[in-house]
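Below is one structure, written out as structure tokens; comments come after it.
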Amino acid sequence: MHRWLALFLAAALLLSGCSAGTAEELDMISGVGQLEFSTESSEDPYEEEFPPSYTITEDEESQTSVEESSAASSSQQEATSSSSSSQSSSSPQQSSSSQSESSSRPEPKPESSSKEEEDEEEEDWQGGSSAVSGEISAVWVSYLDLAPMLTGKTKSQFTSNIGNAFDKIADTGFNTVIVQVRPFADALYDSDYFPWSYLCTGTEGKDPGYDPLAIMVSQAHSRGLEIEAWLNPYRVRATNYTKPLSSSNQASIWLDEGSDAVVEYKGGIYYNPASEEARELILNGVEEIVDNYDVDGIHMDDYFYPDPDKSFDADSYAEYEGNLSLGNWRRQNVNTLVKGIYSTVKNADSSVRFGISPTGNNDNNYNKQYADVAKWAGSSGYVDYICPQIYWGYDHSTMPYAETVSDWDDMVTSSSVKLIVGIGAYRLGESGEWSGTSDILARMVKTARKADNYGGIAMYRYDSLYNSSVPKQAARECANLSDIL
């Protein structure tokens, strides 16, 4: 009797469509293909660090708003098992490079395959649960994190503050800190080329009476952490800046002289990537760090050209006598700097690594910031690692996390280059799949570990893990990270 009742209930469940959630989930997550990224802008996660450095247009901002509301509605739709057609109507507009994405989405699998798919997902979750030998597990410590620990603080206060921060990072199981020591053509260290950062005392050029980088190197190594010095090479001041340049800032000197080595543009100030003088300054700044501090790496973020506008460097391009298009000429300028930094680092200390963290959307890298990341990832002599900022979730409509990791993995074709996956811990507490989680960061680490060219992960950023606006959720996430790091 019980057997017949069980069979009857099973048949009723099948007729009612219990596997519809799996099919809908398949329809939500579209494959990206061979880095066929859209030009939709990444969402700005923070005030000034790591957003796409090109100017965000009103259209792109509206795309982001639609995308965020789409993510929220997707979560509701999944909970109620509504049709996928209503979800697709709320998806953001896409560029011509990815307009075919919706039409190329995989068809939902038959219900009979849903159990097999669930088994595969469970198997994926179990994979990568153990730390990989030699992997980098890093936390970005940006100037936004450092400011409350550093600005106006005495040497002993800063030493205590940064020590406590590094304790938390080490206790979670991370093995590397990436600390921002040159955010605005300035220095959180004693430099011959750049003025003291305003982050030290509140005033650019004012000596705090101690060396924050030297302290951070000592505090990191005493806890078994490696430390990379994070530099922003071109940015002098962001748009609508409020902190004045000191008279000793080389950018200020060049502006007074009318040099083309520095460009005032749309309310910001940037070193000109086409300028040999600017390039030499940047390389000298790298060399002095490797020579004077026991750092384990030099790290660059995603600020290259501020945007595609031809007016940014029209005079420099007019003086160029070659045959390259504007885009290829700009990419060549960036390539020359990247290769120069790599050589400078290795000539100073071959054991120090050099890596770059571009945006997760490679179309933006190539066409809007003129960063030829595929060239760096496919050739020796440019970088030791690429760390794309893959700050989207598994269910993102155009850049789903797992597929995007796979696409970046495919890009790394040089045996000398590793893939370090940048993960957006700052998203904890957002709507949809980022709400109320306990293990999404750990799952993302496990997914990253399956990449053929895997070299590690990096979490953006310190405050998002340890001074979070959702502290209980962040604590649960850190506990689960600790289990696998």
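The values are calculated or read from the model by the stated rules, or taken from the named source; none is laboratory data. If you're wondering where the values come from, they're calculated on a predicted model, not measured in any experiment. Ideal geometry is used to build each Cβ from the backbone, glycine not excepted, and the neighbour counts take in all protein chains shown.
Brief remarks on what is shown
- Selection from region 176-186 of residues that are within 19 Å of the chain's Cα centre (by Cα) and part of a loop (DSSP other than H, G, I, E, B): 183, 184
- Considering region 126-150, the residues that are farther than 15 Å from residue 179 by Cα and not aliphatic (A, V, I, L, M) include one that is modelled with the highest pLDDT, namely 135.
- Selected residue [polar (S, T, N, Q), assigned to a helix (DSSP H, G or I) and under 20 Å from the mean Cα position of the chain (by Cα)] from 328, 364: 364
- Considering region 346-371, the residues that are buried (at least 22 other Cβ atoms within 10 Å of the Cβ) and among the β-branched types (Val, Ile, Thr) include one that is farthest from residue 299 (Cα to Cα), namely 359.
- Every residue from region 421-434 that is within 19 Å of residue 358 (Cβ to Cβ), in contact (Cβ under 8 Å) with a residue 60 or more places away in the chain and not in a strand (DSSP E or B): 426, 427
- Checked across region 305-321, the condition of being under 30 Å from residue 215 (Cβ atoms) and hydrophobic (A, V, I, L, M, F, W, C) holds for no residue.
One line per residue, one yes/no per condition, for (1) in contact with a helix residue (DSSP H, G or I) (Cβ under 7 Å, 6 or more places away or on another chain); (2) buried (at least 22 other Cβ atoms within 10 Å of the Cβ); (3) within 15 Å of residue 136 (Cα to Cα):
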site	(1), (2), (3)
373	yes, yes, no
387	no, yes, yes
400	no, no, no
410	no, no, no
414	yes, no, no
435	no, no, no
443	yes, no, no
465	yes, yes, no
480	yes, no, no
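- Matching residues in region 367-393 - criterion: being touching a strand residue (DSSP E or B) at 6+ places or on another chain (Cβ under 8 Å) and assigned to a helix (DSSP H, G or I): 373, 376, 377
- When the residues of region 416-430 are filtered to those that are β-branched (Val, Ile, Thr) and out of contact with any Pro (no Cβ under 8 Å at 6 or more places or on another chain), the one that is farthest from residue 141 (Cα to Cα) is 417.
- Scanning region 269-281 turns up no residue that is of a type outside the set (Ser, Thr, Tyr), within 30 Å of residue 218 (Cα to Cα), touching a Pro at 6+ places or on another chain (Cβ under 7 Å) and modelled with pLDDT of 95 or more.
- Of the criteria (1) on the phi > 0 side of the Ramachandran plot; (2) surrounded by 17 or more Cβ atoms within 10 Å (Cβ to Cβ), which one residue 152 fails: (2)
- When residues in region 312-348 are screened for being hydrophobic (A, V, I, L, M, F, W, C) and within 11 Å of residue 283 (Cα to Cα), 4 of them pass.
- Exactly one residue out of 437, 447 is under 22 Å from residue 129 (Cβ atoms), part of a helix (DSSP H, G or I) and either in contact with an Asp or Glu (Cβ under 7 Å, 6 or more places away or on another chain) or at pLDDT 95 or above (or both): that is 447.
- One residue stands out among those in region 305-325 that are assigned to a helix (DSSP H, G or I) and among the polar types (S, T, N, Q): the one that is farthest from residue 269 (Cα to Cα), which is 316.
- Among the conditions (1) touching a residue at least 12 places away in the same chain (Cβ under 8 Å); (2) farther than 20 Å from residue 349 by Cβ; (3) part of a strand (DSSP E or B), residue 227 misses just one, which is (2).
- Hits in region 187-224 (condition: touching a Gly at 6+ places or on another chain (Cβ under 6 Å) and assigned to a helix (DSSP H, G or I)): 219
- Contact map, region 455-481: residues that are charged (D, E, K, R) paired with residues that are at pLDDT below 95, Cβ distance under 9 Å, separation 6+ or inter-chain. Pairs shown: 461/45; 461/46; 461/49; 461/50.
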